[in-house]
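The values are calculated or read from the model by the stated rules, or taken from the named source; none is laboratory data. Here the structure is a predicted model, which is why all the values come from computation and not from measurement. No Cβ is skipped: glycine too gets one built from the backbone with ideal geometry, and neighbour counts run over all protein chains shown. For the accessible areas, the whole protein counts, side chains as well, though only heavy atoms, and no ligand, DNA or RNA atoms are used. Shrake-Rupley method; radii C 1.70, N 1.55, O 1.52, S 1.80 Å.
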Amino acid sequence: MLLLRRLAASLPLIASMALVGCASDGGSGIQSQKLATIKARGKLICGVDGKLPGFSFVGSDGQYTGLDADVCRATAAALFGDPSKVDYRDLNSSERFAALASGEVDLLSRNTTETLSRDAAGGNGLSFAPTTFYDGQGVMTPNASGVKALKDLAGKPICVESGTTTELNLADRMRELKAAYTPLKFQTGDQTYAAYLQGRCVAVTSDRSQLAAKRTSFPDPAGHTLLPEVLSKEPLTPATTNADPAWADAVRWTIYALMQAEELGITQANIDAKLAEAKANPNQADLRRFLGVEGEFGKQLGLPPDFVVKAVKATGNYGEIFERNVGMGSKLKLERGSNRQWKEGGLIYSPPFR
Amino acid sequence: MPPSSVSTVTPWWRNRRLIPWIVQAAVGLVVLVVVAFLVGNLVRNLTAAGLLLSWSWLGNPAGFDVSETLLPFDASLPYWRALLAGLVNTLRVVLLGLVGATLLGTAVGIASFSSNGLLKRLARIYVELIRNIPLLLQLVFWYFVVFLALPNGTSAIQLPGLVLAKSGLYLAWFSDLWHLQWQGPHLDGGVWHAPLRLTVEFGALLTGLVVYTAAFIAEVVRGGVASVPKGQWEAANSLGFNPLQTLQRIVLPQALRVIVPGLNSQYISLAKNSSLAVACGYADLYSVAETTLNQTGRAVEVVLVLLGSYLVIDLVISALMNGLNHLVQLKER
């Protein structure tokens, strides 16, 4: 029954739909089934990659680190005031949507590109939170291969992870170049990079951040180069399902809070001081509302009033998360680039907390 | 004579013909109600989630490539063509796998009766080693450890008309059948070219399936041969048959009656196990379906296509094997 086992990733969807009663019939607007389930469970179940340094990676101490993992932690902190109340599930790129649709994970924070067909109710039916990393697809080759540009790859085998947008973008770009190539598809990132390192493929393609991240774990990181071409836009975005808009809003505004905190200069180190300042000064209405001293933003979302304070205390603001995991303070050493705040010419922009 | 029964009419609850019918009907009704409830609920929930079965996506352009196809395929063709290309790839590896596993398995099974002690031991070691290691591990071993360790480019293993490189097996063949033009493998820009080519992904999957299934077939064959009474060997020997003739004319025809039903389930396993192809990057039906599922989000439909395809493949194998079984059985009247 090996086939059945392999299909297990999608079967819970069918099984749950056949067995679950009409639970969603009684939805009365602001009530969120998902939020209630998560609060009753006392833990957030978060789908991550688990094998991608800088985004979600299990360290030698068994702890998950990375930008994607920090989104899970900040959400758990916003919900429970405790960033450790997260159960992580490692998902490969083919399992991830079925796991989310069947309710096996509450939140998918797994370097997933936001696209129309994934968002649409007639497609994968996901609900995307704010983009946490603006990326683009790249191609990596060994220096020794002599490949300098994408067109040099005509007639050569290229390794790619199956079930990703990169697989489609590669097909599109190579069609434009009228360059025949052999796609070698693997189910997991580990297999993909193993085949590449064994020399089966002349190139491997993925998000540029992922290539840079994986390269840090190669035996010879300096022996591999990213080609200059950027094949596509890849906005990497956490997602929930379309089925529960209230839960999607709670996640969306928790992530916006991290971005807004950076804009306001609120960091993990000064959050207590800022909070004291807001409490002492009734004239700082913006800050008081943002930190939950007054108003009922938290209540409207179904979260505690001080969810922003708890989230920032747990992980720091967006900028801190970026620098610690993928920026200059990490092994990956990625530039902020498009991921700077909008005031500095980047794309990170939180709508007002009003 | 016992006293005759007082009543001559049997009450219905003691009627031996009626009762089984009532029980059957009751069980049938319960099954029907449960199935109807599950299906109704499934349809209701799928409709609520906007996922009710729809097949129009099958005609949309796939947008992804499939490596090594027998049928011509490119990214502009529809999904159903991609799935078909995957199905053909699955059938290709299953058919070759069946032939290979049968030959190897029969040889090993018979070798375990050899009078040569070394051969006999080797056959036993092979069976015990292979059948106790999960197939997935074996496929990963064949692909990453054996086939991907092959040298590449100019240092590839070269024999006349044959090149074995990291990218695959290249064979010489007639490039033009009319004029009998023979073309051997040649190196062009660091990449080998030849009229006939098998990729290492295909090679690793085929090797893994053949070696794994052959171990089980060897046991089936061994069981079949062992089921023929020793007296048959001795009788053949005393009639002047040599060991090979004995096996061929006396033992195997009788053993086949035991072997064929056992082979059937091994063949079916091989067909199902071919879906492990994703472990070594071969574009079989499962791999193509997985990509399709991800790109379209039609999880239920794609899984149904997969279930249906493997079911049909296995039922066809079963039907053929049952026909064969019918042929080799002893005709008794």
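Among the residues examined, A:Lys299 qualifies as surrounded by fewer than 16 Cβ atoms within 10 Å (Cβ to Cβ) and not hydroxyl-bearing (Ser, Thr, Tyr). Kindly provide the set of residues from segment A:208-238 that are among the acidic types (Asp, Glu) and open to solvent by 10 Å² or more (accessible area, probe 1.4 Å), ordered by number. Those that are among the acidic types (Asp, Glu) and open to solvent by 10 Å² or more (accessible area, probe 1.4 Å): A:Asp220, A:Glu229.
Evaluating A:Ser93 against the criteria (1) modelled with pLDDT of 95 or more; (2) within 13 Å of the chain's Cα centre (by Cα); (3) among the hydroxyl-bearing types (Ser, Thr, Tyr) leaves one unmet condition, (1).
Conditions (1) open to solvent by less than 10 Å² (accessible area, probe 1.4 Å); (2) of a type outside the set (A, V, I, L, M); (3) within 11 Å of chain A (Cβ to nearest Cβ); (4) more than 14 Å from the chain's Cα centre (by Cα), marked per residue:
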{"position": "B:Ile250", "(1), (2), (3), (4)": "no, no, no, yes"}
{"position": "B:Ala271", "(1), (2), (3), (4)": "yes, no, yes, no"}
{"position": "B:Ser287", "(1), (2), (3), (4)": "yes, yes, yes, yes"}
{"position": "B:Arg298", "(1), (2), (3), (4)": "no, yes, yes, yes"}
{"position": "B:Leu324", "(1), (2), (3), (4)": "no, no, no, yes"}
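Among the residues of segment A:81-91, those identified as touching a strand residue (DSSP E or B) at 6+ places or on another chain (Cβ under 8 Å) and open to solvent by less than 50 Å² (accessible area, probe 1.4 Å) are A:Val86, A:Tyr88, A:Leu91.
With the requirement that a residue be part of a loop (DSSP other than H, G, I, E, B), in contact with a Lys or Arg (Cβ under 9 Å, 6 or more places away or on another chain) and surrounded by 20 or more Cβ atoms within 10 Å (Cβ to Cβ), what does segment A:96-118 give you? If the condition is that a residue be part of a loop (DSSP other than H, G, I, E, B), in contact with a Lys or Arg (Cβ under 9 Å, 6 or more places away or on another chain) and surrounded by 20 or more Cβ atoms within 10 Å (Cβ to Cβ), then A:Val105, A:Asp106, A:Arg110, A:Thr112 are the ones that fit.
Test B:Ala62 against the criterion of being within 14 Å of another protein chain (Cβ to nearest Cβ) and not polar (S, T, N, Q), and give yes or no. For B:Ala62, the condition - within 14 Å of another protein chain (Cβ to nearest Cβ) and not polar (S, T, N, Q) - is met. Here is the figure for segment A:295-331: residues that are of a type in the set (A, V, I, L, M) and in a loop (DSSP other than H, G, I, E, B) total 3.
Candidates in segment A:159-202 are the residues that are in a loop (DSSP other than H, G, I, E, B) and in contact (Cβ under 8 Å) with a residue 60 or more places away in the chain; of these, the one that is surrounded by the fewest Cβ atoms within 10 Å (Cβ to Cβ) is A:Thr188. You will find that of B:Ala283, B:Ala279, the residue that is touching a helix residue (DSSP H, G or I) at 6+ places or on another chain (Cβ under 8 Å), modelled with pLDDT of 90 or more and open to solvent by less than 30 Å² (accessible area, probe 1.4 Å) is B:Ala283 and no other.
Residues in segment B:175-188 that are open to solvent by 60 Å² or more (accessible area, probe 1.4 Å) and either over 14 Å from B:Thr154 (Cα atoms) or outside any strand (DSSP E or B) (or both): B:Ser175, B:Leu177, B:Trp178, B:His179, B:Leu180, B:Gln181, B:Trp182, B:Gln183.
Residue by residue, here is whether (1) modelled with pLDDT of 95 or more; (2) not hydroxyl-bearing (Ser, Thr, Tyr) holds:
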| residue | (1), (2) |
| --- | --- |
| B:Phe73 | no, yes |
| B:Leu96 | yes, yes |
| B:Gly100 | yes, yes |
| B:Val108 | yes, yes |
| B:Ala111 | no, yes |
| B:Ser114 | no, no |
| B:Val146 | no, yes |
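Residues that are away from chain A (no Cβ under 11 Å) and either over 30 Å from B:Ala204 (Cβ atoms) or surrounded by fewer than 19 Cβ atoms within 10 Å (Cβ to Cβ) (or both) within segment B:300-316 comprise B:Gly308, B:Val312, B:Leu315, B:Val316, listed in sequence order. For first residues located in segment A:228-239 and under 15 Å from A:Phe133 (Cα atoms), partners that are open to solvent by 60 Å² or more (accessible area, probe 1.4 Å) and lie 6+ apart or on another chain with Cβ distances below 6 Å form the pairs A:Pro235/A:Glu114; A:Pro235/A:Tyr134; A:Thr237/A:Glu114.
So if I check each of B:Thr90, B:Thr69, which one is under 27 Å from the mean Cα position of the chain (by Cα), surrounded by 14 or more Cβ atoms within 10 Å (Cβ to Cβ), more than 8 Å from chain A (Cβ to nearest Cβ) and at pLDDT below 85?
Criteria check complete, one pass: B:Thr69.
Given the condition small (Gly, Ala, Ser) and within 18 Å of B:Phe113 (Cα to Cα), answer yes or no: does some residue in segment B:266-280 qualify? There is no residue in segment B:266-280 that is small (Gly, Ala, Ser) and within 18 Å of B:Phe113 (Cα to Cα). Within segment B:98-108, can one find any residue that is exposed (fewer than 15 other Cβ atoms within 10 Å of the Cβ) and not small (Gly, Ala, Ser)? Within segment B:98-108, one or more residues are exposed (fewer than 15 other Cβ atoms within 10 Å of the Cβ) and not small (Gly, Ala, Ser). A single entry from B:Leu256, B:Leu330 fulfils the requirement of being more than 18 Å from the chain's Cα centre (by Cα), more than 9 Å from chain A (Cβ to nearest Cβ), within 18 Å of B:Val221 (Cβ to Cβ) and open to solvent by 40 Å² or more (accessible area, probe 1.4 Å): B:Leu256. Scanning segment A:40-63 for residues that are open to solvent by 20 Å² or more (accessible area, probe 1.4 Å) and assigned to a strand (DSSP E or B) returns A:Lys51, A:Phe57, A:Val58.
Yes/no matrix, rows are residues, columns are (1) out of contact with any strand residue (DSSP E or B) (no Cβ under 9 Å at 6 or more places or on another chain); (2) of a type in the set (A, V, I, L, M, F, W, C); (3) on the phi < 0 side of the Ramachandran plot:
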site: A:Asp106; (1), (2), (3): no, no, yes
site: A:Gly146; (1), (2), (3): yes, no, no
site: A:Pro157; (1), (2), (3): no, no, yes
site: A:Gly163; (1), (2), (3): no, no, no
site: A:Leu168; (1), (2), (3): yes, yes, yes
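Reported count of residues in segment A:119-129, each being at pLDDT 95 or above and crowded, with 23+ Cβ neighbours inside 10 Å, is 1.
Taken together, A:Glu263, A:Glu229 contain a single residue that is under 24 Å from the mean Cα position of the chain (by Cα), at pLDDT below 95 and acidic (Asp, Glu), which is A:Glu229.
From B:Thr207, B:Thr154, B:Thr213, which residue is under 19 Å from B:Ile110 (Cα atoms) and outside any loop (DSSP other than H, G, I, E, B)? The conditions single out B:Thr213. Selection of segment A:104-131 for residues being more than 11 Å from chain B (Cβ to nearest Cβ) and of a type outside the set (Ser, Thr, Tyr) yields A:Glu104, A:Val105, A:Asp106, A:Leu107, A:Leu108, A:Arg110, A:Asn111, A:Glu114, A:Leu116, A:Phe128, A:Ala129, A:Pro130. A single member of B:Gly63, B:Gly28 is open to solvent by less than 80 Å² (accessible area, probe 1.4 Å) and modelled with pLDDT under 90, and it is B:Gly63.
Criterion applied to B:Ile157, B:Ile125 was being modelled with pLDDT under 90, away from every other protein chain (no Cβ under 14 Å) and open to solvent by 70 Å² or more (accessible area, probe 1.4 Å), and the one residue passing it is B:Ile157.
Applying the criterion of at least 3 residues that are among the β-branched types (Val, Ile, Thr) and within 22 Å of B:Leu104 (Cβ to Cβ) to the helices (runs of 4 or more DSSP H) found wholly in segment B:219-301 leaves B:252-273.
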